[in-house]
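I have placed the structure first, in the form of structure tokens, so that the comments after it can refer back to it.
The values are calculated or read from the model by the stated rules, or taken from the named source; none is laboratory data. Model, not experiment: these values are computed from the prediction. Glycine gets a Cβ as well: all are built from the backbone with ideal geometry, and neighbour counts include every protein chain shown. Just so you know, the surface numbers come from the protein's heavy atoms only, side chains and all, with ligands and any DNA or RNA stripped out. Shrake-Rupley method; radii C 1.70, N 1.55, O 1.52, S 1.80 Å.
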Amino acid sequence: MSHFVTMAKPVGSYCNMRCSYCYYLKADSGQVFSSLRMNNEVLEEYIKQVINSSKEKTVSFTWHGGEPTLAGLDFFKEVVKLQKKYLRDDMNCWNNIQTNGLLIDEDWCQFLKENHFDIGFSIDGTGFVHNRYRLDDKGNDTYERVRHSLQLMKDYGLTPDLLCTITSDCATNAKAVYSKLHSLQTGWIQFIPIVRRDLKGNVTEDSVTPIQYGKFLKEIFKEWIHHDLGKLNVQQFAETSLMLTGQPSTVCWLQETCGNVLVVERDGSVFSCDHFVNQEHYLGNLLQTSLDKLHESSFQQSFGFKKKTDLSKQCLNCKWFSLCYGGCPKDRFLINEDSEKQYYLCEGVKMYLDYAVPLLEKAIEYSKKGYSQKEIMKKI
């Protein structure tokens with residue numbers, strides 16, 4: 001059995017923001033939920049199964065949404081209590097919570113710090129870009145409140161990973177977005193391209209175009225490689241560097257196959273992937289069938305392997321294939337009526353790799369020779 005991880009949705013898609021590009025609010029799982037929050041029976045069974053199925057000494061839990069803090073602080077205190085109940089003496093837990101920050105206060109900060117939670121914190125760079133897309137459930141701007149929550153976390157010694165979406169607006173403000181995120185000094189930034197389609201299959205105006213995506217990554221990379229190497233980590237650049245040294249990517253959309261990140265909804269329903277929470281990709285319920293068996297099911301194995309087999313000729317013949325593997329399956333679709341399914345962001349990824357790989361290869365070579373990161377930046 002291959003290793004798998006899970007992403008738990010303790011309140012499903014329930015959220016106190018109404019981000020216009022949110023894919024999960026629009027997820028059509030076909031499930032009817034009897035309660036807002038994951039109940040104790042599901043929670044305990046989930047934690048027990050994840051720990052018992054783990055082949056690692058450190059057991060990973062990712063709490064996602066919607067907005068998981070809406071489950072309440074007492075819910076996460078119960079999470080920690082149950083983890084301690086089922087962990088063997090030679091094991092420990094790694095918890096990650098993804099949050100929009102609106103509910104973060106001193107009590108939350110104290111809890112997250114005491115229990116060593118890692119935090120993914122959503123903020124879309126500048127106030128202008130953020131407030132255009134990330135309004136609260138009453139239609140109000142959220143940027144200043146989010147900034148306040150982030151500062152509160154830092155005051156408690158927490159260093160969240162910053163999650164920034166790349167919309168069409170964000171892409172055309174690359175330097176300003178990067179500068180603002182850099183100034184927050186948390187050490188890690190993850191950029192997430194927004195690719196959405198309407199009911200007719202047309203890509204929406206807020207989605208980043210392939211060219212915009214490529215230009216954005218190039219502009220950010222140029223700033224990073226010359227000024228911030230070793231000072232700030234950007235996920236895309238870190239993953240490219242990792243793969244250039246012959247190691248596998250740590251993120252599913254850059255791996256040869258996928259299907260090893262299951263989604264667990266509030267009622268125990270399990271789905272193939274965070275981007276495929278629908279009736280077609282419903283695997284079962286962990287109260288009736290174990291996570292192990294759901295992951296091993298022929299449907300899920302076929303789903304994951306299809307990432308490798310459902311590739312266009314363009315992908316198979318691309319010199320950068322081993323650094324991309326055709327991207328995320330959710331972004332593979334017909335570009336026009338005459339073409340086969342292609343990775344929508346392909347052209348932008350090529351632009352980025354054409355520019356970044358030669359420089360990263362030099363940086364890796366200099367690092368092997370013992371140069372410091374400051375010296376490497378100077379030489380590059």
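Some points to look at:
- Subset of the stretch 187-204 that is under 19 Å from T99 (Cα atoms) and modelled with pLDDT of 95 or more - its residue that is least open to solvent (accessible area, probe 1.4 Å): I189
- With respect to the conditions (1) under 22 Å from T62 (Cβ atoms); (2) open to solvent by less than 20 Å² (accessible area, probe 1.4 Å), S207 lacks only one, and its number is (1).
- K307 vs. criteria out of contact with any strand residue (DSSP E or B) (no Cβ under 7 Å at 6 or more places or on another chain) and crowded, with 20+ Cβ neighbours inside 10 Å: yes
- Some residue of the stretch 261-275 being surrounded by fewer than 17 Cβ atoms within 10 Å (Cβ to Cβ) and part of a loop (DSSP other than H, G, I, E, B): no
- Test: L36 is at pLDDT below 95, within 24 Å of Y23 (Cβ to Cβ) and either of a type outside the set (G, A, S) or crowded, with 16+ Cβ neighbours inside 10 Å (or both): yes
- Inter-residue pairs, beta-carbon under 6 Å, first touching a residue at least 12 places away in the same chain (Cβ under 8 Å) and at negative phi and in the stretch 1-22, second assigned to a strand (DSSP E or B) and small (G, A, S), 6+ apart: V5/S60
- Residue within the stretch 62-82 that is touching a His at 6+ places or on another chain (Cβ under 8 Å) and assigned to a loop (DSSP other than H, G, I, E, B) present: no
- Residues located in the stretch 210-243, provided they are open to solvent by 50 Å² or more (accessible area, probe 1.4 Å) and within 19 Å of K379 (Cβ to Cβ): K222, E223, H226, H227, G230, K231
- Checking F128 against (1) in a loop (DSSP other than H, G, I, E, B); (2) in contact (Cβ under 8 Å) with a residue 40 or more places away in the chain, the condition it does not meet: (1)
- Within the span defined as the stretch 163-174, one or more residues are open to solvent by less than 70 Å² (accessible area, probe 1.4 Å), more than 21 Å from the chain's Cα centre (by Cα) and in contact (Cβ under 8 Å) with a residue 12 or more places away in the chain.
- Checked against the criterion of being in contact with a Leu (Cβ under 7 Å, 6 or more places away or on another chain) and among the β-branched types (V, I, T), the candidates T240, T167, T204, T245 yield just one match: T240.
- E256 meets the conditions (1) more than 30 Å from V42 (Cβ to Cβ); (2) out of contact with any Phe, Trp or Tyr (no Cβ under 6 Å at 6 or more places or on another chain); (3) surrounded by fewer than 16 Cβ atoms within 10 Å (Cβ to Cβ) in every case but one. The failed one is (2).
- The stretch 108-119 residues that are within 18 Å of Q151 (Cβ to Cβ) and open to solvent by less than 10 Å² (accessible area, probe 1.4 Å), paired with ones that are among the charged types (D, E, K, R) and at pLDDT 95 or above (beta carbon under 6 Å, 6 or more apart): none
- Residues that are more than 24 Å from the chain's Cα centre (by Cα) and farther than 20 Å from V50 by Cβ within the stretch 275-315 comprise S298, S312, K313, Q314, listed in sequence order.
- Yes/no for T240 being over 23 Å from M38 (Cα atoms) and not in a helix (DSSP H, G or I): no
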